[in-house]
Amino acid sequence: MSSVTVRVPAKVNVQLSVGPLRDDGYHDLVNVFHAVSVFDEVVAKESDHITVSVVGEWADQVPVDDGNLAIQAARALAKHAGRTYGAHLVIHKSIPVAGGMAGGSADAAGALVACNELWGLGLPFEDLMEIAGDLGSDVPFSLLGGTAVGTGRGEQLSELPTTGSFHWAFAVAQGGLSTAEVYAQCDRQRESAGVEVPWPQVDDALLEALSTGDAATLGARLTNDLQAAALTLRPELVRTLDAGRAEGALGAIVSGSGPTCAFLAADADHAQRLADALSQLPTCRAALAAHGPVPGPRPSWSSPRP
Ligand code: C5P
């Protein structure tokens, strides 16, 4: 039986600027996404129904019912195509679950690309991007990969030029954080501080650092408006961030809504040394070394296309 496999990267946000709360419950963002070499693999096999199974280190934390974003993605694609299709999706999970690295979004993007190919739909990328935006704010970037700035909810993307590779270490925390809860905590902290929330602005110096491959400047410019909220919910992450800084990280930041922490390294060896040191921390479940940017998902058939 033929099947389609796609590898989908995780992301880190190198700038996450959160604007005021909107009437629809979302926030307008300036969200600079950067795809990194931690991959989930989604395999779509012919089947009568849309089902999912999950294997890998974090598999026990992923729902296999309607709450699974890959199932929702496959259903949304079939609906868009106007027909009933089936596929069994096998997700090989390497991206931490509820970790702030868009693992669920990666699986949804993988399901869209894999099923588009398996079902022979041939839908253009723009259609997949539209479906992706309805599935979640980060799903369009998971389809795109590379480095891009997202505005609106984060789903309106413009690709950004970069030079060379940036090297990262990621400290995976024990347990996850709910994105919605972290945004709600951010709103509460802003309200109690009584600050006027400014409209989010692109950091031109950060974009310049990405464009020229200047890791030292990028490290110094990393920002995440959700970090204070994530640290309130998980105070032990302060120790994780401090440990990475003590090992010479060029920048240390909570990844997205957390609780994964991201550390920019000077080179690949430094990223591995950082990961080795972070993995010893009691606050850390695992640590990974990775690089970015990496491209978004591309489909490949396991046997000749029927
Ligand atoms: O879009 P997605 O379903 O991934 O978002 C999860 C939650 O994160 C939303 O329900 C919302 O609470 C919060 N969110 C937000 N503003 C954004 C993106 C997400 O408030 N731009």
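The values are calculated or read from the model by the stated rules, or taken from the named source; none is laboratory data. All figures in this text were calculated on a predicted structure; none of them were measured in a lab. Using ideal geometry, Cβ is built from the backbone for each residue, glycine included, and neighbour counts are taken over all protein chains shown.
Selection over region 124-160 of residues that are among the small types (G, A, S), surrounded by 19 or more Cβ atoms within 10 Å (Cβ to Cβ) and in a loop (DSSP other than H, G, I, E, B) gives a count of 4.
Taking the residues in region 283-299 that are under 16 Å from the mean Cα position of the chain (by Cα) and part of a loop (DSSP other than H, G, I, E, B) as candidates, determine which candidate is surrounded by the most Cβ atoms within 10 Å (Cβ to Cβ).
Here the answer is P297.
Any residue in region 112-132 that is in contact with a Pro (Cβ under 7 Å, 6 or more places away or on another chain) and closer than 24 Å to V254 by Cβ? No, the conditions are met nowhere in region 112-132. One residue alone among T163, T217 is assigned to a loop (DSSP other than H, G, I, E, B) and either modelled with pLDDT of 95 or more or more than 12 Å from the ligand (Cβ to nearest atom) (or both), and that residue is T163.
The rows are residues; the columns are (1) within 22 Å of L177 (Cβ to Cβ); (2) buried (at least 17 other Cβ atoms within 10 Å of the Cβ).
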| position | (1), (2) |
| --- | --- |
| T232 | yes, no |
| V238 | yes, no |
| S255 | yes, yes |
| Q280 | no, no |
| W301 | no, no |
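Of all residues being out of contact with any Ser or Thr (no Cβ under 8 Å at 6 or more places or on another chain) and away from the ligand (no atom under 16 Å from the Cβ) in region 166-179, which is nearest to G136 (Cα to Cα)? Just the residue, please. It comes out as G175.
What about Q15, is it modelled with pLDDT under 95 and either surrounded by 23 or more Cβ atoms within 10 Å (Cβ to Cβ) or more than 16 Å from the ligand (Cβ to nearest atom) (or both)? No; evaluated as a whole, the condition is false for this residue. Only one entry in A228, A252 is without any contact (Cβ under 8 Å) to a residue 60 or more places away in the chain and part of a strand (DSSP E or B), namely A252.
In region 180-201, the residue that is farthest from the ligand (Cβ to nearest atom) out of those that are polar (S, T, N, Q), assigned to a helix (DSSP H, G or I) and surrounded by 10 or more Cβ atoms within 10 Å (Cβ to Cβ) is Q189.
Table: residues versus (1) assigned to a strand (DSSP E or B); (2) on the phi > 0 side of the Ramachandran plot; (3) free of Cβ contacts under 8 Å to residues at least 60 places away in the same chain.
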site: P20; (1), (2), (3): yes, no, no
site: G25; (1), (2), (3): no, yes, yes
site: D28; (1), (2), (3): yes, no, no
site: D40; (1), (2), (3): yes, no, no
site: D60; (1), (2), (3): no, no, yes
site: Y85; (1), (2), (3): no, no, yes
site: L89; (1), (2), (3): yes, no, yes
